[in-house]
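Working notes, structure below.
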Amino acid sequence: MKSFLIVGMSTFGMHLCKKLNELGTEVMIADKDPEIIEKMAPFAVSAKIADCTNAAVLESFGVDEFDTCFVCLGGHFSDSLEITNSLKELGAKKVISEVNRDIESKFLLRSGADKVVYPELDLAQRVAVSESNDSIFDAIDLGGQYVIYEISTPERWVGRTVRELNIRAKYNVNVIAAKHNAEIHPVLSPEYLFKHEDHLIVMGNTKDIDKLV
């Protein structure tokens, strides 16, 4: 079973904690606010009221034993920087830090973060993509020029099979799954017949998928 440390209970941190708990992992949380810790304690195996800018406090958590340490402090950038740096110096295997502005990313990465997440930007991009095109229902940016989209079935595909369409060769797109009446059909067989009401989960270059929709 994987174990995680979440330092800071920003809105993102709280949602992250609840989801990791739902997935059956072990989560330890820490924050300076006693009320937040009391609220979130049911979703964690351990909950600490602590000032994690103190490296000695972090060291007492045994940070090197966690699979991933998350730094989720919302707008407190200087504290995020300090804690990220301390976690890496204490031997954390992987550190993922939350950012609120683009400029924060490079400083956190230089301080030892293995990855940064920008929740507001990610959500804004997904909503913008889905609302700008009625054929797109969701979008995940994979970095660079590659994305995963949930799209409606192109009219020219309806009533035809995966084999018949030869999608990867003709469109340079991978169909990961189909959603039919809220049921997911992953790893489509060559004989899968596309239906008008299907939603398709496709992966590929943004330009290729944009042409498709």
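The values are calculated or read from the model by the stated rules, or taken from the named source; none is laboratory data. This structure is a prediction, so every number in the text was calculated from the model and none was measured. For neighbour counting, all protein chains shown are included, and Cβ atoms are generated from backbone atoms with ideal geometry for every residue, glycine included.
Computed values, structure above
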{"read-out": "Single condition residue 145 does not satisfy, out of (1) touching a helix residue (DSSP H, G or I) at 6+ places or on another chain (Cβ under 7 Å); (2) within 28 Å of residue 120 (Cα to Cα); (3) surrounded by 13 or more Cβ atoms within 10 Å (Cβ to Cβ)", "value": "(3)"}
{"read-out": "Every pair of residues 6+ apart whose Cβ atoms lie under 6 Å, when the first sits in segment 51-68 and is at negative phi while the second is hydroxyl-bearing (Ser, Thr, Tyr) and at pLDDT 95 or above", "value": "55/86; 58/86; 66/3; 67/3"}
{"read-out": "Residue in segment 92-112 that is without any contact (Cβ under 8 Å) to a residue 40 or more places away in the chain, in contact with a Lys or Arg (Cβ under 7 Å, 6 or more places away or on another chain) and either farther than 25 Å from residue 142 by Cα or not small (Gly, Ala, Ser) (or both) present", "value": "yes"}
{"read-out": "Test for residue 150: is it surrounded by 14 or more Cβ atoms within 10 Å (Cβ to Cβ), modelled with pLDDT of 85 or more and in contact with a His (Cβ under 9 Å, 6 or more places away or on another chain)", "value": "yes"}
{"read-out": "Strands (runs of 3 or more DSSP E) completely within segment 164-213 that count 1 or more residues being modelled with pLDDT under 85 and farther than 13 Å from residue 150 by Cα", "value": "183-186"}
{"read-out": "All helices (runs of 4 or more DSSP H) inside segment 49-126 with 1 or more residues being at pLDDT 95 or above", "value": "55-60, 77-89"}
{"read-out": "Some residue of segment 37-48 being among the hydrophobic types (A, V, I, L, M, F, W, C), out of contact with any strand residue (DSSP E or B) (no Cβ under 9 Å at 6 or more places or on another chain) and either in the same structural domain as residue 95 (by TED's automatic domain parsing) or at pLDDT 95 or above (or both)", "value": "no"}
{"read-out": "Segment 19-34 - residue that is of a type in the set (Val, Ile, Thr) and assigned to a strand (DSSP E or B) and, of those, surrounded by the most Cβ atoms within 10 Å (Cβ to Cβ)", "value": "29"}
{"read-out": "Residue, farthest from residue 198 (Cα to Cα), within segment 155-170, restricted to residues that are surrounded by 15 or more Cβ atoms within 10 Å (Cβ to Cβ) and out of contact with any strand residue (DSSP E or B) (no Cβ under 8 Å at 6 or more places or on another chain)", "value": "165"}
